[in-house]
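Below: one structure, written as structure tokens.
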Amino acid sequence: MANLADEYGTDVEIYIKALTTTIHADTPSGAPAKLHDLLEQLGLERHEYPMGAPLYIWHTVPEHLGADEQKRLATRAIPALLLAGYEINCTPDVFDEAAYRQAVHEARTRAARLAVQNPAPTPCPSGPAPARRTP
């Protein structure tokens, strides 16, 4: 079985499997469990071969979704993967620019809300303030 993430040296390769309509998300051999967990949290389905003691793990977009919704789901996963520090490649036949922009906007809005809820502590002055003299 070909693994495009191993072949191209990325963390996730998102593409349509040749001779099918299935959108795959390949991860490199030995990818961390947290990457597989994140892909599942983002709506992709995990597959293993062989079952039980996998040598090869990949994810697919749920096939019960329509073709456009499959592309949107795959594309909307990209910003979350990038924010988590992963290197992603997505083929143009899968990428949906409007879905990507919306996912980026939502990520920025979520980050801004978190910043307002948990503001950074105010730095303390480095030393005591000088005494004021009055004439």
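Laboratory data are not the source of any read-out in this text; all were calculated from the coordinates shown. Fair warning: this is a prediction, and the values are worked out from it, not measured in the lab. With ideal geometry, Cβ positions are generated from the backbone for all residues, glycine too; neighbour counts draw on all protein chains shown.
Just a few scattered comments:
- Boolean, A5 is in contact with a helix residue (DSSP H, G or I) (Cβ under 8 Å, 6 or more places away or on another chain) and hydrophobic (A, V, I, L, M, F, W, C): no
- Hits in segment 59-88 - residues which are of a type outside the set (A, V, I, L, M) and touching a helix residue (DSSP H, G or I) at 6+ places or on another chain (Cβ under 6 Å): H59, R72, T75, R76, P79
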